[in-house]
Amino acid sequence: MPVARVCVDTPLPHLDRPFDYLVPEAADVAARPGVRVRVRFAGQLVDGFLLERAAASEHAGRLAFLDRVVSPEVVAGPETVALARDIADRYAGTLSDVLRLAVPPRHARTEAAAPPAPPEPFTGPVDARVWRRYTAGAALVRALGDGRAPRAVWTALPGEDWPARLAEAAAAGLAGGLGALVVVPDARDLDRLDTALTWVLGGPGRHVTLSAALGPAERYRRFLAASRGGARIVIGTRAAAFAPVADLGLVAIWDDGDDLHAEPRAPYPHARQVLLSRAEQTGCGVIVGGFGRTAEAQQLIETGWAVEVSAGRDVLRRAMPRVVTTGEHDHPREPEAVAARLPSIAWRAAREALARSTPVLIQVPRRGYIPVVACADCYTPSRCARCSGPLSLPSASQAPECRWCGRPSADHTCPECGSRRLRAAVIGARRTAEELARAFPDTPVRTSGRDEVLATVPGGASLVVSTPGAEPVADGGYGAVLLLDTWALLTRADLRGTEEALRRWMAAAALARRDGQVVVVAEGGLAVVQALLRFDPGWLAARELADRRELGFPPAVRIAALTGAPTAVAELLAAAQLPPGAEVLGPVPVAAEGQERMLVRTARSAGRALALSLKAAAGVRSARKAPDPVQIQIDPLDLL
């Protein structure tokens, strides 16, 4: 096999194919499929991955030799390459771009170090009695232990210790000789899952955690532990979705609606789709879990690809806290409630929870002090005189400043009425914490948000003000959860606005105690509020999916968003041979100056053909050295 087929590390779409090189005799043993190599390409030495060895080449000309084998370590095996190829074709990307996401950079010293001794095989037992609370929950864990491949969409109960449940599912497969891969949104969730797995597996060593936050050496060490088969369970953030796991028996994702699962680098794959593709290729089990449910997860159930695993209504009623709503006529009467900007129901719920020495969680959608200000006389939004950006108030003692350019505007004058007085158009988390501190002078107030995200808080009486997604876990649960300024989530001009609002609310409400109370400041007649009142995300997900089918939005269809200069987008569409029935929508302007966006919509069955046609058109423009790039995103999260 003297010929090596190499994936050259180049982002150019028209070069997305293997290139043949001759293997030097001295490198014959080390040049195995999956190793890193250096080759001369277009007159330069570039990196690449050796995909396979062949007896002959179809290239009629003279072949160059591999410059060298960088390392004999196999880091991109056949399974990884097949997955990367599938994701590249699905998202109109290149194989090298996906392999760059899948394989971390090499660290030579870590690679040369002696691997640790493998742990003793895990044989169990696994206590999965809590799974019996869910319909088909016990059968799910039993199937994983038997080496079968169940596919489940799991809706967790309020207050559920979800890291422990996922750890039990992974351990059940490990006891049967199979590996597992679990992906969570962020580092806080990863720490909780790491602790749970260590407890269930009886100590460290049988699993590794992977995330982009690790240093290069540590990340590569853990990657090698998985690729060499020393660790049979891998957990991590979206970067771990491609991690090599021997004898993969389960892939799981928690809270698949979190936007942190979407990769911000080309070709912008979603961790959920990466795991589902792995399940299709390897025939392993799948768990898509969360307190809420996305339309994509609902579609897996309705198409019969996965089975719903959720609790019955009687079990749910015993586990869920009481949820109440406040209408527009529920004005605060108590002076303290007025000062804290809380409706009377929310004020009383907080006061009763504090009297029981339990913490209170207050979810505020906006961070900062006063993120948006307006004229106090005519209510015109205040804008920067320099760049027209929105003005905000960093604190009570500082002058307003622009959120775009950062320029202070102490002398701001309303262009409509000439007034110099300002009012708060939107209240942020820090201002809310300040108001609550005045209303409850003897109660500690903690904030959790972008500046400092708390993982846990003690179980005593306290007020915890948090932005969505940064809610800390309270010891024993919260006595009350207040969901304020719900209009900020409900009025988002976003395809997933309703779904996202319920997901954020349910994640916070699930932290309440069974005897606690959840107060949502919204009209009870809204469908999303009704879903929260009943803790029934599946009902809302079914409605959302039905609406998207009728309107032609993902996941019922496949949509490609093309963003760039108008001439570049038009040139790409002219070069693309779109599948039959494809519909071109737009153009619409985007935030970047001089750019626009076009949408191409097609049926789900033609989704791969759409991606391949756009990728081929991008290759044509790349071969012509077109100056203006076009960003191609398949089913982006920010569609509207």
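The values are calculated or read from the model by the stated rules, or taken from the named source; none is laboratory data. What you see is a predicted model, and the numbers here were worked out from it, not measured in a lab. Here the Cβ positions follow ideal geometry from the backbone for every residue, glycine too, while neighbour counts run over all protein chains shown. For accessibility, only protein heavy atoms count, side chains too; no ligands or nucleic acids. Shrake-Rupley method; radii C 1.70, N 1.55, O 1.52, S 1.80 Å.
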Only helical DSSP H runs with n ≥ 4 go in: add -39500 (n - 2.57) per run for the chain, normalise by residue count and round the 222 nm mean residue ellipticity to 500 deg cm²/dmol. -9000 deg cm²/dmol
Take every DSSP beta bridge with both residues inside the chain and express the antiparallel ones as a percent of the total, to the nearest 5. 50 percent
What accessible area per residue comes out for the chain, rounded to a whole number of Å², with a 1.4 Å probe? 44 Å²
To the nearest µm²/s, what D does Stokes-Einstein give for region 137-191 at 25 °C and 0.890 mPa s, using the Kirkwood radius over alpha carbon pairs as Rh? 203 µm²/s
Antiparallel %, DSSP beta bridges [both residues in region 1-112], to 5: 95 percent
Order the peptides 534-540, 36-42, 243-249 from the highest to the lowest mean number of other Cβ atoms within 10 Å of their residues. 243-249, 534-540, 36-42
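Quick one: pull the percent of accessible area on region 202-327 belonging to carbon and sulfur, 1.4 Å probe, ligands and nucleic acids left out. If you can, show how the numbers build up before the last one.
On the way: 2170 of 4340 Å².
With neighbouring chains kept in place, the figure for region 202-327 is 50 percent.
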Accessible area of region 117-198 belonging to carbon and sulfur atoms, whole % at 1.4 Å probe: 52 percent
How would 504, 318, 238 line up by accessible area, probe 1.4 Å, largest first? 318, 238, 504
Please sort 405-414, 145-154, 256-265 by packing, taking for each peptide the average over its residues of neighbouring beta carbons within 10 angstrom, highest first. 145-154, 256-265, 405-414
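Counting only other residues whose beta carbon sits under 9 Å from that of residue 18, what net charge do I get with K and R as +1, D and E as -1?
0
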By how many degrees, 0 to 90 and rounded to 10, does the Cα axis of helix 566-575 deviate from the longest principal axis of the chain? 40 degrees
Looking at 200, 271, 360, which one has the Cα that reaches farthest to the positive end of the dipole of the chain (charges on Cβ: Lys, Arg +1; Asp, Glu -1)? 200
How much net charge surrounds residue 604 when only the other residues with a Cβ under 12 Å from the Cβ of residue 604 are counted, with Lys and Arg +1 and Asp and Glu -1? +4
Roughly how tilted is helix 271-282, in degrees to the nearest 10 and between 0 and 90, from the longest Cα axis of the chain? 40 degrees
Rg and Dmax of the chain over Cα atoms: what are they, in angstrom? 27.1, 87
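Tally up the carbon and sulfur contribution to the accessible surface of region 469-513 as a whole percent, 1.4 Å probe, everything protein left in place.
Reported share for carbon and sulfur atoms: 49 percent.
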What whole number of Å gives the distance from the Cα centroid of region 159-216 to the Cα centroid of region 453-499? 25 Å
